[in-house]
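Right, one structure below, let's go through it.
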Amino acid sequence: MITGVTLFALLAIGAPVAFAIALCLVAYISTGTFGIDLLPQRIFAGMDSFTILAIPLFVLAGELMNASGITSRVINLANALVGHAKAGLAQVNIWSSVIFAGLSGSAVADTSAIGRIFIPSMEKEGYPRDFAAALTAASSVIGPIIPPSIPVIIYALITTNVSVPALFLAGIVPGVLLAIALSIYVRFFVKNYAKPRERMKMGEQLKAVWNGLIPLFMPIFVIGSILAGIVTPTEAASFAVFYALVVGLFVFRELKPGDLPGIFAGAMRDSSSILIIMATVAAANWFMTFAGIPQSISKFVLGYVDSPVTFLILINLMLLAVGLVLEGIAAMLVLVPILHPIAISLGIDPTHFGIIVIFNLMIGLITPPMGLCLFVADAVAGVGMARMIRAIMPFFVVELLVLIIITFVPDIVTFLPNLFGF
């Protein structure tokens, strides 16, 4: 009890999640139950997995692709497909995020890369700057849902009965459904800020599609090779890095050898923040399991909740609240080892539950006060957080509706995994 209060107190004052957990573990160990040497052992054991190597590799692949000049090509491809529709540039913004999702898998990277182009461009076409920034942040949530996705890999690592390929497949339809829902909203419920855009000529469309196929091949190969059983997720991530290097250095030639040290350093920094949290949480989960805490919580919850529907409603409410104050991956690492066994006990499909958790926590990226995508979009747009929050609320409602749909219509999530035999 004291350890839990200490953890929340440290998080409340802004202590990094990994260090807050480590300090609580040190306090727990100091009671004399274990020797202090057990802590580094459990931290190392939490990292002793070949699959974990996929995380820094996918982070590096995303950084390389972002620096390889793919952003303009992705936007041109989306423009060729939907740019002529009503609110065309807003539609291009949304579907660029769908394409970009298969390359970076990071909502924050999506917001930063696409926002720098779309926010000024949409403002020139007559869209309010805060609307453009909010739409960019909202559509970037698609990134970690559509594969390849780092949160999906982490979820599969910390649970049982769930595979990376199954979760990859399960995220495709919800991600596309979210894009469709956002497109419908801007098509029918947003003022006609801009004049209709002319359809690209056939030659321009073909060129945009051709240029877009090169970056699109990477996620297609990654997902396809994993599903075919040719490679593991870690091996696929290695290929993604190699492919990104070849495309950037020799195909597009926008990536310079002198850029590589900075890109590798940035990828190492981003990966380290994720891996440090994973290591400390893995140690904390071991100590909690030894103390019987997850089992006690599971027994308590099952004593009061015997309906899967009731449980899913409560989980959605809890995760949305957690997403307000805790970063998604950190929340997942802390909560999923406790919640996942309860969901299995109630007969909920583990793949379905995984996507619900990930979708919930990704919505937290656009909810104040800790929404990272809100901060990044505001840093690009410079409109102020108050205007950003007002502008993001309609998009939050749209994403909430999609969450409700995938929660209570599980076939939307499980259709593709079942089709491929997962």
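The values are calculated or read from the model by the stated rules, or taken from the named source; none is laboratory data. All values reported here derive from a predicted model rather than from experimental measurement. All Cβ positions, even for glycine, are placed from backbone atoms using ideal geometry, and neighbour counts span all protein chains on display. To get the accessible areas, we keep the full protein, side chains included, count just its heavy atoms, and leave off ligands, DNA and RNA. Shrake-Rupley method; radii C 1.70, N 1.55, O 1.52, S 1.80 Å.
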Legend entry - Heavy-atom surface of the chain, accessible at 1.4 Å and reported per residue (Å²): 43 Å²
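Under 25 °C and 0.890 mPa s, how fast does the chain diffuse according to Stokes-Einstein, given a Kirkwood radius computed over C-alpha pairs? Answer in µm²/s, whole number.
On the way: Rh = 22.3 Å.
Diffusion coefficient, whole number: 110 µm²/s.
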Inset, instruction - Express in nm, to one decimal, how much length is gained between Ser72 and Met370 on full extension, taking 0.36 nm for each residue of separation and deducting their alpha carbon distance. - result: 104.3 nm
Inset, instruction - Enter the angle in degrees (range 0 to 90, nearest 10) between the Cα long axis of helix 70-82 and the first principal axis of the Cα atoms of the chain, meaning the one along which they spread out most. - result: 70 degrees
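Using the beta-carbon distance between Ala45 and Ser345 and R0 = 30 Å, what value does 1/(1 + (r/R0)^6) give for FRET efficiency, to the nearest 0.05?
On the way: r = 26 Å, r/R0 = 0.87.
Computed FRET efficiency for Ala45 and Ser345: 0.70.
In whole percent, how big is the carbon plus sulfur part of the accessible area of the chain, probe 1.4 Å, protein atoms only?
Numbers: 12690 of 18270 Å².
Of all accessible area on the chain, carbon and sulfur atoms account for 69 percent.
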Legend entry - Under 17 Å from the Cα of Lys191 - aspartates and glutamates, other chains or at least 8 residues apart: Glu123, Glu125, Asp130
Legend entry - Gain on full stretching of the segment that runs from Asp411 to Asp37 - 0.36 nm per residue minus C-alpha separation: 129.9 nm
Legend entry - Cβ-based charge dipole, the chain, positive-most Cα from Gly354, Ser30, Pro257: Pro257
Inset, instruction - Taking a cut-off of 19 Å between Cα atoms, list the lysines near Lys201, but don't count ones fewer than 8 places away on the same chain. - result: Lys86
Legend entry - Cα centroid of the range 214-290 to Cα centroid of the range 296-326, whole Å: 32 Å
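Report the local net charge at Ile366: Lys and Arg +1, Asp and Glu -1, summed over other residues whose C-beta lies under 15 Å from its C-beta. Working shown, then result.
Details: positive: Arg387, Arg390; negative: Asp110, Asp130, Glu327, Asp378, Glu399.
Once positives and negatives cancel, what remains is -3.
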Legend entry - Relative intensity, log₁₀ I(q)/I(0), of the range 267-422 from a Debye sum that treats every alpha carbon as a point, q = 0.10, 0.19 Å⁻¹: -0.44, -1.26
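Within 10 Å of each candidate Cβ there may be at most 10 other Cβ atoms; applying that plus a DSSP loop requirement, which GluC sites (Glu not before Pro) in the range 191-261 survive?
Answer in residue order: Glu198.
Taking only DSSP H segments of four or more residues, each worth -39500 (n - 2.57), what value at 222 nm results for the chain once the sum is divided by all its residues, to the nearest 500 deg cm²/dmol?
Helix-only estimate at 222 nm: -25000 deg cm²/dmol.
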Inset, instruction - Evaluate the distance, in nm, between pseudo-label points positioned 7 Å from the Cα of Val309 and of Ile29 along their respective Cα→Cβ axes. - result: 4.8 nm
Inset, instruction - Specify which residue in the list Gln41, Ser106, Gln91 is farthest towards the positive end of the charge dipole of the range 29-139, using unit charges on the beta carbon of Lys, Arg (+1) and Asp, Glu (-1), about the Cα centre. - result: Gln91
Inset, instruction - For helix 129-140, report the angle its Cα long axis makes with the longest principal axis of the Cα atoms of the chain; keep it between 0 and 90° and round to the nearest 10°. - result: 60 degrees
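To the nearest 0.05, what FRET efficiency results for Ser163 and Leu206 with a Förster distance of 41 Å applied to their C-beta separation?
Numbers: r = 38 Å, r/R0 = 0.93.
With a Förster radius of 41 Å, E is 0.60.
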Legend entry - Two-site label geometry, Phe217 and Ile230: point separation in nm, points 7 Å out along Cα→Cβ: 1.2 nm
Inset, instruction - Please give the contour-minus-distance gain from Ala265 to Leu302: 0.36 nm per residue of separation, less the Cα-Cα distance, rounded to one decimal in nm. - result: 8.7 nm
Inset, instruction - Could you pull the accessible area for Arg387 with a 1.4 Å probe, rounded to 10 Å²? - result: 90 Å²
Inset, instruction - Can you tell me the dipole magnitude for the chain around its Cα centre, using point charges on the Cβ only (Lys, Arg +1; Asp, Glu -1), in Debye to the nearest 20? - result: 1080 debye
Legend entry - Selection from Val309, Gly171, Ala132, by position along the positive dipole direction of the chain (Cβ): Ala132
